[in-house]
Amino acid sequence: MTAEAADSTGFGSPGKGAGLRGTGSKRNRWIATFSTGIVAGLLAGLFGVGGGIIMVPALVYLVGLDQIRAHGTSLAAVTVLAVSSGLSYALAGQIDWHLAVLLASGSVFGAWFGAKLLPSMNPRSAAIAFNVLLVVTALRMLIGGGDSGTHRSLTLWLSVALVVAGALVGLLASLLGVGGGAVLVPLMVVGLGMPTAMAKGTSLAVIVFSSVVGTVGNRRHSNVDVSAAVMVGLSGVVFGFIGGQISLGLSDRVADITFALLLLVVATKMAWDLRRDRAPRDGDLQPG
């Protein structure tokens with residue numbers, strides 16, 4: 001795909017840059033974007049993530065956005081999906097609001113800083129960093145570890161550590177276009193001994209805050225394709241809620257293994273394309 005076919009003119013410009021890779025069909029772009037929202041919504045609800053781990057590669061490889069713009073667009077859609085998915089957990093009382101506030105207070109600063117860094121980030125580096133995140137998350141989920149059953153009490157120092165952790169998650173969210181749930185859920189389950197369902201619900205609550213702040217910053221730098229973000233977000237709203245309902249009755253181990261395998265498939269695809277085409281190449285996928 002040429003540089004012209006991958007620039008940031010956005011989802012709504014079929015003649016230059018937004019086309020579905022290999023087809024250029026506007027109808028296929030809409031189908032791909034709608035389908036991406038459905039899958040991302042289900043994953044957000046099932047696993048307590050924002051859905052960016054699916055949206056970023058889908059927006060790049062199916063919808064045709066450049067890597068940087070895909071990150072910003074994904075994060076915008078994550079906001080909607082996190083709200084709808086988190087509703088299931090909130091209704092079931094599976095959100096630790098005290099913990100969510102601590103993590104979110106740090107995440108908003110990290111997301112703001114990440115949005116400022118994103119325009120200058122090397123596109124190829126962004127793709128590689130995202131791929132590493134996928135592999136690390138998949139391995140962590142395969143290894144498992146389960147709930148410790150002992151939810152740690154929040155001391156002053158632990159509260160400070162959580163704010164710092166939230167800042168790092170917000171930074172990650174803004175730079176990579178993900179909600180940060182891939183980091184938050186293992187952190188709360190393994191580090192704090194929180195039950196998996198509550199960790200997922202709390203993760204989604206934090207993601208709402210960090211994704212909003214990151215998206216505002218990304219919009220200022222024109223790194224969000226609004227039409228694609230709206231399409232993905234709205235198409236996944238109902239499925240995010242459904243995914244949350246399914247997750248509340250699903251075995252943690254089965255969900256973790258299934259999701260880890262999915263991550264490895266996506267990571268393998270991205271690694272293959274990076275090796276085959278040396279893409280996204282520096283200069284090929286620079287935003288507008």
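What to note about this one:
- Hits in the stretch 173-193 - residues which are crowded, with 24+ Cβ neighbours inside 10 Å, on the phi < 0 side of the Ramachandran plot and not β-branched (Val, Ile, Thr): Ala173, Ser174, Leu175, Leu176, Gly179, Gly181, Ala182, Leu184, Met188
- Restricting attention to the stretch 82-107, the residues being assigned to a helix (DSSP H, G or I) and without any contact (Cβ under 8 Å) to a residue 40 or more places away in the chain number 2.
Here is a yes/no grid of residues against (1) hydrophobic (A, V, I, L, M, F, W, C); (2) without any contact (Cβ under 8 Å) to a residue 24 or more places away in the chain; (3) closer than 21 Å to Ser84 by Cβ:
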| residue | (1), (2), (3) |
| --- | --- |
| Gly201 | no, no, yes |
| Phe209 | yes, no, yes |
| Val224 | yes, no, yes |
| Leu263 | yes, no, no |
| Arg275 | no, yes, no |
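- Any hit, the stretch 21-31, residues being modelled with pLDDT of 80 or more and either under 19 Å from Leu263 (Cα atoms) or among the polar types (S, T, N, Q) (or both): yes
- Output for the stretch 226-252, where each listed residue is touching a residue at least 40 places away in the same chain (Cβ under 8 Å), among the hydroxyl-bearing types (Ser, Thr, Tyr) and surrounded by fewer than 21 Cβ atoms within 10 Å (Cβ to Cβ): Ser227
- Among the residues of the stretch 75-117, those identified as under 15 Å from the mean Cα position of the chain (by Cα), hydrophobic (A, V, I, L, M, F, W, C) and at pLDDT below 85 are Ala111, Ala115.
- The stretch 28-70, subset farther than 20 Å from Arg219 by Cα and among the hydroxyl-bearing types (Ser, Thr, Tyr), residue surrounded by the most Cβ atoms within 10 Å (Cβ to Cβ): Thr36
The values are calculated or read from the model by the stated rules, or taken from the named source; none is laboratory data. Since this is a predicted model, take the numbers as computed values, not measurements. Positions of Cβ are generated from backbone atoms using ideal geometry, with glycine treated the same way; all protein chains shown enter the neighbour counts.
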